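A.B. asks: Here you go, one structure.
The values are calculated or read from the model by the stated rules, or taken from the named source; none is laboratory data. Please read these numbers as outputs of a predicted model, since none were measured by experiment. Positions of Cβ are generated from backbone atoms using ideal geometry, with glycine treated the same way; all protein chains shown enter the neighbour counts.
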Amino acid sequence: MSRVVVYYHDRVEVDPKISWTGLCPPLEKAAQINITQCSVPQVISLFAYARPDAVITIDDRPVVSIEQTQMNPSGHNIPQRFSCLVRAAELGVPSILYCPEYARRAYSDPNPRYLQVRVPLGQLRLTQLYDVASLSVFWPTDPRTLFPSTSQSAHQQMADIVGALVTAGGTNTTNLAAVQSAIKSMRAVIDKYASRYKKNPSVRQLLPNGFLSSITNNGVSIDPPTKAQLLPTDKFLTSLQGYQTAPDWPAIASKLALRPLTLLFTGTANKTKNESEHPWPGYLTLLDVLYLRKDNGRSTTQRDVNLVYELPVNLSTFVARANQAKPPTLTYIVDTFSDVIILNGGVIAGRPLRDASIARPVLTK
């Protein structure tokens with residue numbers, strides 16, 4: 001008999017007495033283990049960018065990776081989780097983001113906040129690129145309180161979708177009826193809120209119809225946020241002429257010049273000024289997948305548009321952290337996904353463009 005295990009970050013989120021797991025027959029006899037105690041290599045591989053909230057395995061093989069939150073879905077809490085979804089897709093593991101479609105804030109504004117639709121759009125793109133299910137499943141909202149429902153019975157849809165993935169053993173997931181139903185719901189919710197999104201002027205100046213990869217069913221192209229600026233690559237390269245060049249720069253500049261457009265995303269530093277504030281690295285992965293990848297782009301090297309990250313952290317600090325044997329998670333994500341990283345005092349090439357594994361300055365001030 002196969003051994004089913006639910007690895008969890010927070011026990012209450014998978015407690016069979018109160019959560020969706022208690023409504024999912026394939027998990028009836030599943031063992032539950034704290035994910036920090038997991039030693040299974042295939043599960044640990046899912047932690048490369050950030051550790052998911054839960055992973056379900058059958059005989060040590062991951063069949064679904066899960067992110068779940070009750071927080072209102074309009075802010076950055078949802079996009080920051082996207083790196084977990086990317087990692088699952090890279091490994092061929094289905095993933096689910098379980099979050100409200102709408103909900104109010106806990107202590108301030110009593111009005112509901114609505115889903116950040118770039119996330120399910122990005123998941124649809126992941127599903128298409130990697131041929132593996134990446135789903136948003138919507139945590140029911142209590143219409144009386146506008147808070148996420150705490151009734152166990154409200155979570156039946158989540159239980160049914162997870163059950164279908166577990167029963168299928170994680171294979172051929174995009175064709176499952178439950179998955180197709182979830183995708184249909186995702187598209188309907190995206191269409192519902194698409195008109196709320198303003199155009200990004202820098203994008204529309206160069207792409208009047210927006211990015212083709214982010215067009216909704218009702219014909220609206222959802223632009224990147226205004227923290228992201230789309231530039232002609234020659235204009236971007238010209239903006240770097242005030243730097244002193246290191247030997248590696250000409251080759252990096254030549255690679256950048258092969259793509260006519262560059263997306264520049266500006267992050268903010270954390271309180272200690274040694275790496276990014278939490279939302280932005282996850283958002284960086286979302287921008288890459290949703291807007292920049294080629295139609296067959298399963299790698300960060302397979303892009304139509306360059307991805308540049310600007311971060312107000314000292315060059316020496318970032319380089320030292322990036323070159324650790326095990327780099328800090330947020331630094332590793334930025335280094336792994338950025339073609340170029342602009343820092344205080346200089347510029348480095350990220351992993352997609354540099355030939356050596358070591359990070360080092362290509363431009364300095």
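A.B. asks: Name the pairs whose Cβ atoms lie under 7 Å apart, with the first residue in segment 277-291 and farther than 15 Å from residue 75 by Cα and modelled with pLDDT of 95 or more, the second among the basic types (Lys, Arg) and assigned to a helix (DSSP H, G or I), and 6 or more positions between them or separate chains?
C.D. replies: 289/125; 290/118; 290/125
A.B. asks: Among 222, 252, which is the only one that is buried (at least 18 other Cβ atoms within 10 Å of the Cβ), β-branched (Val, Ile, Thr) and farther than 26 Å from residue 327 by Cα?
C.D. replies: Values: 252 fails: farther than 26 Å from residue 327 by Cα.
After ruling out the rest, the residue left standing is 222.
A.B. asks: Based on this model, can you work out whether residue 321 counts as under 30 Å from residue 212 (Cβ atoms), of a type in the set (D, E, K, R) and touching a residue at least 40 places away in the same chain (Cβ under 8 Å)?
C.D. replies: Working: under 30 Å from residue 212 (Cβ atoms): no; of a type in the set (D, E, K, R): yes; touching a residue at least 40 places away in the same chain (Cβ under 8 Å): yes.
Judged against the criteria, residue 321 is not a match.
A.B. asks: Need the failing condition index for residue 338 against (1) buried (at least 19 other Cβ atoms within 10 Å of the Cβ); (2) over 28 Å from residue 234 (Cβ atoms), just the number.
C.D. replies: (2)
A.B. asks: Check segment 202-213 and report whether any residue there is within 21 Å of residue 351 (Cα to Cα) and in contact with a helix residue (DSSP H, G or I) (Cβ under 9 Å, 6 or more places away or on another chain).
C.D. replies: No, every residue in segment 202-213 fails to be within 21 Å of residue 351 (Cα to Cα) and in contact with a helix residue (DSSP H, G or I) (Cβ under 9 Å, 6 or more places away or on another chain).
A.B. asks: What residue, of 222, 215, is touching a Lys or Arg at 6+ places or on another chain (Cβ under 9 Å) and aliphatic (A, V, I, L, M)?
C.D. replies: Among 222, 215, only 222 is touching a Lys or Arg at 6+ places or on another chain (Cβ under 9 Å) and aliphatic (A, V, I, L, M).
A.B. asks: Another question about this same structure. Can you list residue pairs whose Cβ atoms sit under 6 Å apart, with the first residue in segment 75-87 being on the phi < 0 side of the Ramachandran plot and polar (S, T, N, Q) and the second being part of a loop (DSSP other than H, G, I, E, B) and modelled with pLDDT under 95? Count only pairs 6 or more apart in sequence or on different chains.
C.D. replies: So the pair list comes out as 77/71; 80/278; 83/50.
A.B. asks: Follow-up. Condition first: within 23 Å of residue 217 (Cα to Cα), in a loop (DSSP other than H, G, I, E, B) and among the hydrophobic types (A, V, I, L, M, F, W, C). Now tell me which residues in segment 125-170 satisfy that.
C.D. replies: Answer for segment 125-170, where residues must be within 23 Å of residue 217 (Cα to Cα), in a loop (DSSP other than H, G, I, E, B) and among the hydrophobic types (A, V, I, L, M, F, W, C): 132, 133.
A.B. asks: Quick test for you: out of 246, 253, pick the one residue that is farther than 17 Å from residue 305 by Cβ and either small (Gly, Ala, Ser) or touching a strand residue (DSSP E or B) at 6+ places or on another chain (Cβ under 9 Å) (or both). Reasoning before the result, please.
C.D. replies: Numbers: 253 fails: farther than 17 Å from residue 305 by Cβ.
After ruling out the rest, the residue left standing is 246.
A.B. asks: Output the helices (runs of 4 or more DSSP H) that fall wholly within segment 267-364 and possess 2 or more residues being on the phi > 0 side of the Ramachandran plot and in the same structural domain as residue 124 (by TED's automatic domain parsing), or say none. Before you say what the answer is, go through the steps one by one.
C.D. replies: Values: elements: 279-287, 315-322, 329-337.
Once the helices (runs of 4 or more DSSP H) in segment 267-364 are filtered for at least 2 residues that are on the phi > 0 side of the Ramachandran plot and in the same structural domain as residue 124 (by TED's automatic domain parsing), nothing remains.
A.B. asks: Here are some conditions: (1) of a type in the set (Phe, Trp, Tyr); (2) in contact with a strand residue (DSSP E or B) (Cβ under 8 Å, 6 or more places away or on another chain); (3) crowded, with 18+ Cβ neighbours inside 10 Å. Residue 130 meets all but one. Which one does it not meet?
C.D. replies: Residue 130 satisfies all of (1) of a type in the set (Phe, Trp, Tyr); (2) in contact with a strand residue (DSSP E or B) (Cβ under 8 Å, 6 or more places away or on another chain); (3) crowded, with 18+ Cβ neighbours inside 10 Å except (2).
A.B. asks: Residue under question is residue 274, and the condition is that it be over 25 Å from residue 200 (Cβ atoms) and either crowded, with 19+ Cβ neighbours inside 10 Å or touching a helix residue (DSSP H, G or I) at 6+ places or on another chain (Cβ under 6 Å) (or both); does it hold?
C.D. replies: The answer is yes for residue 274.
A.B. asks: Ok, one more. Looking at segment 158-181, is at least one residue within 30 Å of residue 107 (Cα to Cα) and crowded, with 17+ Cβ neighbours inside 10 Å?
C.D. replies: yes
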